[in-house]
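Visitor: Handing you a structure now.
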There are 4 protein chains.
Amino acid sequence: MSSTTSNRIRVAILGASGYTGAELLRLLAHHPQIEITLLTADRHAGQELGAVFPHLAHLKVPRLIKIAEADWSKADVVFCCLPHGTTQEVIAALPRALKVVDLSADFRLADVDVYAKWYGHAHRAPDLQREAVYGLTELAREAVRRARLVAVPGCYPTAAQLPLVPLIEAKQIDADDIIIDAKSGMTGAGRALKEDMLFSEVAEGIHAYSVAKHRHAPEIEQGLSQAAGRPIVVNFTAHLMPMNRGILSSIYVRLANGTTPADLRATLVKRYAGEPFVRVVPEGVSPATRHVRGSNHVLIGVFADRLPRRAIVLSAEDNLVKGASGQAIQNMNLMCGIAETTGLAQEALFP
Amino acid sequence: MSSTTSNRIRVAILGASGYTGAELLRLLAHHPQIEITLLTADRHAGQELGAVFPHLAHLKVPRLIKIAEADWSKADVVFCCLPHGTTQEVIAALPRALKVVDLSADFRLADVDVYAKWYGHAHRAPDLQREAVYGLTELAREAVRRARLVAVPGCYPTAAQLPLVPLIEAKQIDADDIIIDAKSGMTGAGRALKEDMLFSEVAEGIHAYSVAKHRHAPEIEQGLSQAAGRPIVVNFTAHLMPMNRGILSSIYVRLANGTTPADLRATLVKRYAGEPFVRVVPEGVSPATRHVRGSNHVLIGVFADRLPRRAIVLSAEDNLVKGASGQAIQNMNLMCGIAETTGLAQEALFP
Amino acid sequence: MSSTTSNRIRVAILGASGYTGAELLRLLAHHPQIEITLLTADRHAGQELGAVFPHLAHLKVPRLIKIAEADWSKADVVFCCLPHGTTQEVIAALPRALKVVDLSADFRLADVDVYAKWYGHAHRAPDLQREAVYGLTELAREAVRRARLVAVPGCYPTAAQLPLVPLIEAKQIDADDIIIDAKSGMTGAGRALKEDMLFSEVAEGIHAYSVAKHRHAPEIEQGLSQAAGRPIVVNFTAHLMPMNRGILSSIYVRLANGTTPADLRATLVKRYAGEPFVRVVPEGVSPATRHVRGSNHVLIGVFADRLPRRAIVLSAEDNLVKGASGQAIQNMNLMCGIAETTGLAQEALFP
Amino acid sequence: MSSTTSNRIRVAILGASGYTGAELLRLLAHHPQIEITLLTADRHAGQELGAVFPHLAHLKVPRLIKIAEADWSKADVVFCCLPHGTTQEVIAALPRALKVVDLSADFRLADVDVYAKWYGHAHRAPDLQREAVYGLTELAREAVRRARLVAVPGCYPTAAQLPLVPLIEAKQIDADDIIIDAKSGMTGAGRALKEDMLFSEVAEGIHAYSVAKHRHAPEIEQGLSQAAGRPIVVNFTAHLMPMNRGILSSIYVRLANGTTPADLRATLVKRYAGEPFVRVVPEGVSPATRHVRGSNHVLIGVFADRLPRRAIVLSAEDNLVKGASGQAIQNMNLMCGIAETTGLAQEALFP
C-alpha cells in the first residue's frame, strides 16, 4: 500500500484473525485503489496485526480492535469474516451507507426456510437476506455491480457451480443425476481448535466428512435449481486431505440425449471465453490444485467417461482465493466500479 | 526371524528393491513360519539389502542377486514384484514345483484379449494365465488354497471389489451405474523415476490421472462382471495425493428397487462377519486411510445419499499392505496351509 | 492378544486417549505375555476405545473409565500417560504393589530443585522422585530390572543421550561445548488443542520453539552431567516440522585432544554392539527418521566436520516408540523379567 | 504483463523449465517494466510454456526454443537458470551487450582454485569469473548496480550470510566457531529425477545430506572470509525435509568478549533498518519459513543461548525467492536502474 491514500476506498475487515482475513490482507496489501482503515478481531483486540500474523507484521495497518469499538465513518466497504450465525446481526447493525462483502454463510441461502433447516435457527435478518446478492461473480456480474450486500459463495459451491450451471442451462446434462466428489485442503475448515484439525490427525490420510449432510449441499442445489428452473438435489461428498489450500471437484454427470463430452467442453469454453479467472484446460489435461495455489483462477477439465452417456467434469480452485477472499475482492471491485481484476493478478505459487 | 529355520517355508522375493518388495520384507521379517532364502534385484545385484533399504539393514537375509543367478532349489515359494510385462516370462521360466505369488498385473486379467487391449501386447504365457487364481482372498479363499500361481489383485481393485462384489451378488445395487472415485497415496505409483512423482510436484496438491483409461478399470470390471453374471462397465477415476500410503474409495451406487442403505450395510456386515481383515465400521463413522496405515485391514462404511435411491459406500485400505504385499502374504499362508493371519497382525500406525 | 490370558501380566494404561496411549496399545496388542485389563481416560470415560481410536476398535480391551473408578487389584503394571504435574499425585496414590512405568516428565529430574525451577512448583511426591529410576534402557538396564517405578525419558533426551553419554564417559568430546539441534515431528507435541498444532500452521514450514528454555534441556544435562561427573550445560534447540513421527538430532561436538571422529564411531560401535535397538550406521550413511518410523530403533551416525577438531553426530528415532511408548515397554519387560525385546520387533514402516 | 511493451526491458530466460525458471516467470509476469521475449528449454524446445508449467499457460510469452536458436538481439537482460558447469560456456558465448543474471553456481566462487576443487574441473571462463559480481543484494548494492554479470548467491549462502556478515564485520562473534544447521524444502534440490527426491522417499522424514562436503560451504566461507579479512571455515550442515519451499538456518555462534546477544540484535537491526526485504523479528519471536513462503523476505531472530557466551541466530527465507529468483530480479532491477523492489512486493502465502 502506498502512503498516498487520498481518494482510495477505505476498507474494514471484521474478523481479521482467521485465514480468510489473512488472505484478504495478503491480497489487499497491494491493491492500488484501497486503503485498510479498520481491522477487528475481538479475541485479539489491542494487538498489532503482526502478533496474529507475523508474516504481515510489516504492513502499515491499524491495530486490531473489537467490533464494538469500530468507527464506521472510517470505512466505505466492509469485508465480514465472522462465524456463521453471528454475522447476520453484526451486518444488520452496520450503517446502510457501507457496502458489505460477507464471507460467512449467513446470506448465501435465499430461502429462509432452507437456512433455518440447515443452520438450526430462524434467520435474524431476513430483510438483508432478501437484499443480498449471491456473488458467484462470473455468473452474477451485473447484480453484483449494483449490490450493497454481497454474499461470497462457499468454497465448495464456487468450484461446483462454475462448471455445472452453464451445462444445466444448456440442458446438456441430467440435473437429477449429479455426483460431486470434492477434496479440500485444511484451510477450508478454518482456524478453530478442533482435534480433527491437528496436524497429526490429518497428515498421511484422507476421509470423507459430513457425508450427505454438508451445509454446502443446499447452497450448490440453490444455484443448480435456478439454472434448471426446478428443484435439484445433488450428491455432494466432501473429503479432507493433507494440504493447506485447494479444492478439486470431480463431478460425474449423465449426458442429455444427443450430447457428447465435446459438447460440454464447447459450452464451457464459450461461456468462459474472455473470463480472466476461469479457464477450460486443453483436452486430456487434468486440472490440478497445485496449479491454482494462491491465485484467483479456476481450472475446468472435461473428460469422456467409459460409462456410456456419461462425462467427468473436474474443477480446481484455491479455496482461500477464488473460494473466499479472492472472489470477495473481485466482487468489491465490481461494487466500487473498479476494474474487476484489480489486486488479483497473482500467478499460482507452484511448486 | 529366528535363527532356527529348519522346517520353515523358504521364500524368494524377485524384484526386492521396490516398495512392494520392502513391504514384503517388513512383514515377513517376523513371520514365524518362513525364512527368506533368495532376494533378487537386477540393478542392485551384489549389494546388501541395507544398501537399498537402510531400515532393513539389520535383517539376516541373503545379498541381492540377479534373477539369472537364482538357485531355485533354495525356495518353496516365490513372491514376484517385477514390472508388468516382464513378469509373465520370468514366471513361465520358473520350475513348476514352486508356488508363485505374483504382485504384478500380468496374471490378473483372465481374458487374454482384454489383457492385450489394455497392455498393448499379446500375453506371453496364456497357459499360466489360465492357471492363475485371482487372489482377492476373502472372495476366493478356497481357490487360493489350491492354487500354485496366485495373481495378487491391484490396490484399487481390492478396495473397490471388496465392498461391491457382495452388493452386486445380492442384487442390491444397479451394476450398470457405479462410480468409483479413488484417492491414492504415492507409493501406489511405485519407485520409478518420473517427474510427476517428485516431492515438489505432489505436495500440496491433488489431481485425477489416467482419467477413463486407468488399467485397473478392466480388473475391477472383471470382478464385478463375474458377480453380476454379465459384462459390467464402471466409472473408475483415480486421484494422486500427498500421502505415502492409503487408498480411499468413495463409491456412488444406485439402489435396486426396494433396497435401502441399511440393506447394503447388512449384506456387508454379514458377508464379512468373522473376517479378520475386513470390517464394516459403525453407522455414521467415515473410514479413514490413517486408520489402516501399515495394517492389512480394510474398513468399509455405508451412508444414505441425499439423492433418492442412491447410497455412498466408502472403503479404506493401505495400498502396500492389503492392496499388495499384505494380501500377497495372506494368500501365501493359505497356499502353504498356514493360518491365514500369520505375520499380518500389525495394528495400524496412527498417527 | 490371544484369549487365553491366564499367567499374563495384567496391564493398566492411565490416560489412554493420547498419542502415547495409542502407541502403547498398538504395541501391546500383540505382546504375547501381557493382557490389558484397565484403560482410563477421564474425558472419555464410558466410551469404547474405538470411539477415541477407530483404528483400534477391533481390540478386545476394556471400556475407558475414570481413574477414580479403577480397581487396582486388576493390574500388575501401570503405564501412566498423564499430563505433567498431575501425574505425581496419581502415582503417589497407587498401591505400592503395582509396578509403574511413567511416561510423563514428573519423575525424570532427580533434583527436586531443578524440577521446581523448570516446572514452576515444588514436587509433590519427592519420596517417589528418589525411588524412581530413569529408564534410558541401554544405559540403565540393571537399575530398571530392579525398579518399581521407572520414569521413561523424554523423546529428545533419548535421542541426545544415547550417542552423547558414551562419548562423554570416554572423555572423547568436550562436554562444555555441545550443541544439539533437534527436529521433531508433531506427535511429540501431543494431542492437545493448540493453534500452532493445526495442520495449516505446520504444513510447509519449520521453526524453532522454546528456544533456550525447553524443558528437555535440564533432563539432557542431568544425564550428561552424570556421565561427566560434573555439571554440564548444553545448547538444546528444538524445531517442529511437518511430519507425524520422528526426531533427528544433529549434534555438534568438539573433540578432545588426540581424538578423531573415527574414535567416536569406535566408541559407539563398541558400546552398542549387541544392542537390539541401537545401531551405528556405516560410515557415510546419514541416519534418517523415515528409517525408524514405527520401530523402536535408534540410528546413530558420526561424521568428521570441516571445522578442525570437531565432529557431527546424528541420531534418529521415532519419538512415539523409542522416544516414549516403545522404551516404556522395553522397561516393563525388564521390570517383569521378560525378554527385553518382547512385543517390540516391528520393522520401520517405510515408506 | 500489459500488451504495450515498448520501452520495456526485454528479458530472456535460459533454462525456463526448472523451478527457478518457473519462479522467475511467476514474478516477472506482473513486473511493470519488463517484457519476456525469449524462453529457452532445450529438452522442451518447440513447446508452449503451458506444456511444461500448466499454471502459467495463460501468460502471453514466446514458445520455448533451444539456446542455439536464440536471437540475442531480442533481449536486453538474460536470466540464466542452467545447470552448474554448462552455464559458464553459455554465458561466455553471449554478446557482451547483454546484462546477465546467473542463477547457477558457476560464477559465485571468485577463486578459480576453490571452484576447481569443489566442482571438479578448471573454470572455463575465468575472465568472466573475475568480472562477475556476487549479488547478495543488501551487502553488494553498489557493485550490483554497475555490474554486467551478476552471480546470484545460492539459497543456503543467502540465508547464512545475511545475518552473519554484519556480525563478523562488527567483530561481535568468533568467526572461527560458527555452526550453521540448515533445513531446506525440496525445491532447493531442483526438478531433476533422482530417487531420493520422490515423494515417498521424502514425506514423513528428515535427514542431513552431503554432510561436511556441501558445495555451498565454500560459498558461505568466501563471504565470511571477506567480512573477517582472513580465511574462515564454518560448519554447514544441510538437511532435507518435507516441504516445497523454505530454508531455516539455525546458526550457533560464540560471542566476542564483552558482547551480548542484545548487541548482535542491535547490529542487525541497524544494518537492515530501511531494507525492504530483510527484517529482524521482535525479541522472543522465532522466524518461521511459513511466514516468508512465496515472498522475497528474510526474517532474522536472535536468542541468548543457555550456554554462556553463546547466542543463537535464526534466519528464514523462501529458497526460490530470496534464495534464487526473487534475489535475481532484485539484482536485475538495480542493474537496469529500476526501483529495487519492482515486481517483488508479494506478501507471503500463509497458510
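The values are calculated or read from the model by the stated rules, or taken from the named source; none is laboratory data. Since this is a predicted model, take the numbers as computed values, not measurements. When we count neighbours, we look across all protein chains shown, and the Cβ atoms used for this are built from the backbone with ideal geometry, even at glycine. Keep in mind that these areas ignore ligands, DNA and RNA; they rest on the heavy atoms of the full protein, side chains included. Shrake-Rupley method; radii C 1.70, N 1.55, O 1.52, S 1.80 Å.
Visitor: Taking Cα atoms of region D:156-319, Rg/Rh with Kirkwood Rh, to two decimals?
Guide: 0.97
Visitor: Ordering B:R145, B:R254, A:R96, D:R43 by how much accessible area each has at a 1.4 Å probe, largest first, what is the list?
Guide: D:R43, A:R96, B:R145, B:R254
Visitor: So, one more: Do any residues of region B:310-351 lose at least 50 Å² of accessible area when the full set of protein chains is present rather than just their chain alone, and if so which, with a 1.4 Å probe?
Guide: Residues meeting the cut-off: B:E347, B:L349, B:F350, B:P351.
Visitor: To the nearest 0.05, how large is the calculated FRET efficiency for A:R124 and D:W118 if R₀ is 60 Å and r is the Cβ-Cβ distance?
Guide: E(calc), rounded to 0.05, equals 0.30.
Visitor: A further question on this structure: Would you kindly work out the equivalent ellipsoid of region C:200-292 from its C-alpha gyration tensor and give its semi-axes, the square roots of five times the eigenvalues, largest first in whole Å? Numbers along the way, then the final one.
Guide: Details: eigenvalues 140, 85, 33 Å².
Output for region C:200-292: semi-axes of 26, 21, 13 Å.
Visitor: Just the ratio, please: alpha-carbon radius of gyration of chain A over 2.2 N^0.38 Å, N its number of residues.
Guide: 0.97
Visitor: Pairs of Cα atoms under 8 Å, at least six residues apart: use those to get the relative contact order of chain C, whole percent.
Guide: Rounded, it is 17 percent for chain C.
Visitor: Next question, about the same structure. How long are the semi-axes of the ellipsoid equivalent to the protein assembly as shown, from square roots of 5 times the Cα gyration tensor eigenvalues, in whole Å, largest first?
Guide: Details: eigenvalues 398, 366, 230 Å².
Semi-axes (√(5λ), whole Å): 45, 43, 34.
Visitor: Follow-up. Partner chain Cβ atoms within 10 Å, averaged over the residues of A:283-294 - can you pull that number for me?
Guide: 6
Visitor: Once ligands and nucleic acids are excluded and a 1.4 Å probe is used, how much of D:L139 is accessible, expressed in Å² to the nearest 10?
Guide: Estimated to the nearest 10 Å², D:L139 gives 60 Å².
Visitor: In whole Hz and in residue order, list the ³J(HN,Hα) couplings for region B:268-281 that follow from phi through the Karplus curve 6.51 cos²θ - 1.76 cosθ + 1.60, θ = phi - 60°; x for Gly and Pro.
Guide: So the Karplus estimates, Gly and Pro as x, are 6, 4, 5, 4, 9, 4, x, 6, x, 10, 10, 10, 8, 7 Hz.
Visitor: Same structure, new question: If I take every Cα pair under 8 Å that is 6 or more residues apart in region D:156-319, average their sequence separation and divide by the length, what percent do I get for the relative contact order?
Guide: Numbers: 344 pairs, mean separation 49.0, N = 164.
Relative CO of region D:156-319 lands at 30 percent.
Visitor: How shielded is B:55-65 by partner chains, expressed as the average number of their Cβ atoms within 10 Å of its Cβ atoms?
Guide: 3
Visitor: Moving on to the next point. Quick one: which residues, 5 or more positions from A:R10 or on another chain, have an amide H under 5 Å from its amide H? H modelled 1.01 Å from N in the peptide plane, none for Pro or chain starts.
Guide: A:E35, A:D76, A:V77
Visitor: Right, another one. Give me a comma-separated list of calculated 3J(HN,Hα) values for region B:181-187, in order, Karplus coefficients 6.51, -1.76, 1.60 applied at θ = phi - 60°, integers in Hz, x for any Gly or Pro.
Guide: Once rounded to whole Hz, the list reads 9, 10, 10, 10, x, 7, 5.
Visitor: Ignoring everything but the protein chains, give the 1.4 Å probe accessible area of A:R10 in square angstrom, nearest 10.
Guide: 70 Å²
Visitor: Just to confirm my numbers, what's the Cα centroid distance between region B:286-342 and region C:128-175 in Å?
Guide: When both Cα centres are located, 42 Å separates them.
Visitor: Then there is this: Given a Förster radius of 45 Å and the C-beta distance between B:A68 and D:A192 as r, what FRET efficiency does 1/(1 + (r/R0)^6) yield to the nearest 0.05?
Guide: Here the calculated transfer efficiency is 0.90.
Visitor: A follow-up question, please. For region C:236-282, how big is Rg over Rh, using alpha carbon atoms and the Kirkwood form of Rh? Don't skip to the end; give the middle numbers.
Guide: Numbers: Rg = 14.2 Å, Rh = 13.4 Å.
My calculation of the ratio gives 1.06.
Visitor: For B:H30, D:H297, give the ranking by accessible area with the largest first, probe 1.4 Å.
Guide: Ranked from most to least accessible, the order is B:H30, D:H297.
Visitor: Using a ≥ b ≥ c from the Cα gyration tensor of region D:140-213 (square roots of the eigenvalues), is it rounded, prolate or oblate, where a/c under 1.5 gives rounded and otherwise the larger of a/b and b/c decides, a/b for prolate? Write down the numbers at each step before the final one.
Guide: Numbers: a/c = 3.42, a/b = 1.49, b/c = 2.29.
Oblate.
Visitor: Still on this structure: Sort B:V269, A:V101, C:V133 by accessible area with a 1.4 Å probe, largest first.
Guide: Reading off the accessible areas and sorting them downward yields B:V269, C:V133, A:V101.
Visitor: What shape does region B:2-101 take by its C-alpha gyration tensor, where a ≥ b ≥ c are the square roots of the eigenvalues and a/c under 1.5 counts as rounded, a/b above b/c as prolate, and the rest as oblate?
Guide: oblate
Visitor: How far is the Cα center of region A:215-247 from the Cα center of region B:200-272, in Å?
Guide: 21 Å
Visitor: Can I ask one more? State, in square angstrom and to the nearest 100, the accessible area buried between chains C and A, both chains counted, probe radius 1.4 Å.
Guide: Heavy-atom accessible area buried at this interface is about 1800 Å².
Visitor: Quick check for you: with a 1.4 Å probe and neighbouring chains kept, what is the accessible area per residue of chain D, in Å²?
Guide: 32 Å²
Visitor: Whole-Hz ³J(HN,Hα) for each residue in region B:333-346, computed from phi via Karplus 6.51 cos²θ - 1.76 cosθ + 1.60 with θ = phi - 60°, x for glycine and proline: what do you get?
Guide: Once rounded to whole Hz, the list reads 4, 5, 4, 9, x, 9, 4, 4, 8, 4, x, 10, 7, 4.
Visitor: Taking beta carbons within 10 Å but only from partner chains, what does the mean come to for residues D:229-239?
Guide: Rounded to a whole number, the mean comes out at 3.
Visitor: Let me ask you something else. Amide H neighbours of A:R124 under 5 Å, at least 5 residues apart or on other chains, H built in the peptide plane: list them.
Guide: It is none; the list stays empty.
Visitor: Considering amide H positions built from the backbone, and no H for Pro or chain starts, which residues 5 or more places from B:I65, or on another chain, come under 5 Å of its amide H?
Guide: HN-HN under 5 Å from B:I65: B:L39, B:T40, B:A41, B:G46.
Visitor: I need the shape label for region A:69-224. Rule: rounded when a/c is under 1.5, else prolate if a/b > b/c, else oblate, with a, b, c from the alpha carbon gyration tensor.
Guide: Here region A:69-224 falls in the oblate category.
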